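Working notes for the structure below.
All of the numbers you see were taken from the coordinates with simple rules; none came from a lab. Computed from a prediction, not measured in an experiment: that's the story for all the values here. Here the Cβ is made from the backbone with ideal geometry for all residues, glycine too, and neighbour counts use every protein chain on show.
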Amino acid sequence: MKHLISLQNWSPEEIREVLNLAKQVKEQPQAYQDAMHRKTLLMIFEKPSLRTRLSFEAGMTQMGGNAIYYHTGNSPMGSGKESISDSIRAASRFVDVVMARLFKHEDLLEMARFATVPVINALTDHSHPCQILADLQAIEEKRGSLAGLKLAYLGDGCNNVTHSLMFGGSKLGMHVSVGSPAGAEFSPRADIVADCERFASESGGSVAVTDDPAAAVADADVVYTDSWMSYHIPREQMEARVEKFRPYQVNSALMAQAKADAIFMNCLPAMRGYEQTAEVIDGPQSIVFDQAENRLHAQKAVILTLCGAV
Ligand code: CP
Ligand code: NVA
């Protein structure tokens with residue numbers, strides 16, 4: 001059974017194949033309008049979502065199938081009355097593919113272990129691979145290639161999106177540079193940095209982590225940021241985090257240190273005046289809605305691939 005748990009355990013060739021399919025799906029959506037005819041996707045959510053829910057659901061509808069939205073807040077699984085293993089074994093008897101947005105990555109691994117249908121990571125505390133497939137598709141559309149480009153990520157380094165950018169970028173020969181405050185609480189996980197250094201050495205890319213935002217962004221082709229207040233962060237931490245991350249805000253001064261034609265990205269949701277200024281996210285270098293749109297195309301490609309529908 002093949003799953004999408006993390007780009008960490010997908011080969012560069014597998015990532016490339018999905019990106020190629022995502023391009024085809026975007027160019028010719030009608031060619032796939034019956035590819036998931038009468039198939040059902042189960043969407044398990046422990047956290048909120050706009051893009052992930054809508055793009056998966058619309059994607060299944062557009063391919064002739066159906067999606068079930070299931071929030072664990074009102075479920076035996078969420079209340080602890082039923083184990084993850086029993087829940088997913090039962091669910092696997094009803095549906096053809098599952099996506100899950102969970103707090104703990106270990107819970108997703110448990111799901112994948114017991115599921116008898118493919119399982120897709122729709123965001124955990126470890127990673128957010130669907131987002132990064134869409135992002136890589138968007139970068140390639142704007143730049144024509146991925147290998148050799150410098151992607152600078154600014155802000156919360158100990159973060160699912162950061163980790164997935166590092167996995168995807170390092171596997172495809174990009175130079176990923178993370179600018180985040182010093183300390184384990186704000187930096188990419190050390191084991192993930194080590195893995196990505198290995199992937200980069202095989203692909204001709206590189207991975208760097210610094211607490212100097214100017215060094216991180218210098219000469220970058222892509223400048224990327226994500227929320228300082230990810231869904232799982234308690235609101236009472238906001239003031240301290242804003243103080244900590246403020247030097248990493250992507251504003252016009254920081255953008256000016258990247259390449260003149262650098263693109264700006266944010267997986268969204270975004271807060272203007274926090275991780276980036278309004279003039280950057282609403283300015284001419286921003287491609288945030290193109291990357292959001294690609295969630296639809298990239299996830300269709302993931303579903304088709306995992307379900308053997310192509
Ligand atoms: N980028 C992203 O995953 O957005 P949602 O939280 O709205 O799904
Ligand atoms: N890092 C963010 C991503 C949101 C799509 C979070 O986990 O909330």
Which of the peptides 296-304, 71-79 is most tightly packed, and how do the rest follow, going by the mean number of other Cβ atoms within 10 Å of each residue? 296-304, 71-79
Dimensionless Rg/Rh of the chain - Kirkwood Rh, Rg from C-alpha atoms: 0.96
Work out how far the C-alpha atoms of segment 36-105 reach from end to end along every principal axis, then list the three figures in whole Å, largest first. 35, 27, 21
Length gained if PHE289 through ARG246 is fully extended, taking 0.36 nm per residue and subtracting the Cα-Cα distance, is 13.1 nm
Toy charge model, Lys and Arg Cβ at +1, Asp and Glu Cβ at -1: the chain dipole around Cα centroid in debye, rounded to 20, equals 780
Whole-percent tail of the Cα-Cα distance distribution for segment 168-310, cut at 24 Å, equals 40
Positive end of the dipole of segment 187-310, charges at C-beta (+1 Lys, Arg; -1 Asp, Glu), about the Cα centre: which of ILE287, LEU304, ILE233 has its Cα farthest in that direction? LEU304
Cα to Cα, under 19 Å, and not fewer than 8 places away if on the same chain: which lysines meet these conditions relative to LYS300? LYS2, LYS23, LYS26, LYS39
Would you please report the Å³ per residue occupied by the convex hull of the alpha carbon atoms in segment 1-129? 103
Which of SER145, PRO76, GLY168, positive extreme of dipole for segment 75-176 (C-beta unit charges): SER145
Segment 5-61: trypsin sites (Lys or Arg not before Pro) falling in loop per DSSP and having at most 12 other Cβ within 10 Å: ARG38
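So which chymotrypsin sites (Phe, Trp or Tyr not before Pro) in segment 213-251 pass both tests, a DSSP loop state and at most 15 other Cβ atoms within 10 Å of the Cβ?
Values: sites: TYR224, TRP228, TYR231, PHE245, TYR248; in loops: TRP228, TYR231.
The qualifying sites are TYR231.
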Kirkwood estimate for segment 210-276, i.e. one over the average of 1/r between Cα atoms, Å: 12.6
Any lysines whose Cα falls less than 19 Å from that of LYS104, other than same-chain ones fewer than 8 residues away, would be LYS47, LYS81
Helix 51-62: inclination vs the chain longest Cα principal axis, degrees, rounded to 10, gives 40
To the nearest µm²/s, what D does Stokes-Einstein give for segment 72-210 at 25 °C and 0.890 mPa s, using the Kirkwood radius over alpha carbon pairs as Rh? 150
Consider all pairwise Cα distances in segment 260-299 and report the whole-number % of them above 10 Å. 70
Based only on the alpha carbon positions, what is the Kirkwood hydrodynamic radius of segment 230-310, in angstrom? 14.9
Please report Rg (one decimal) and Dmax (integer) in Å for the Cα set of segment 82-129. 10.0, 28
Report, in degrees rounded to the nearest 10, the 0 to 90 angle that the Cα long axis of helix 105-114 makes with the longest principal axis of the chain. 30
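Quick one: what do you get for segment 196-239 if you divide its Cα Rg by 2.2 N^0.38 Å?
Values: Rg = 14.9 Å, N = 44, 2.2 N^0.38 = 9.3 Å.
So segment 196-239 has a normalised radius of gyration of 1.61.
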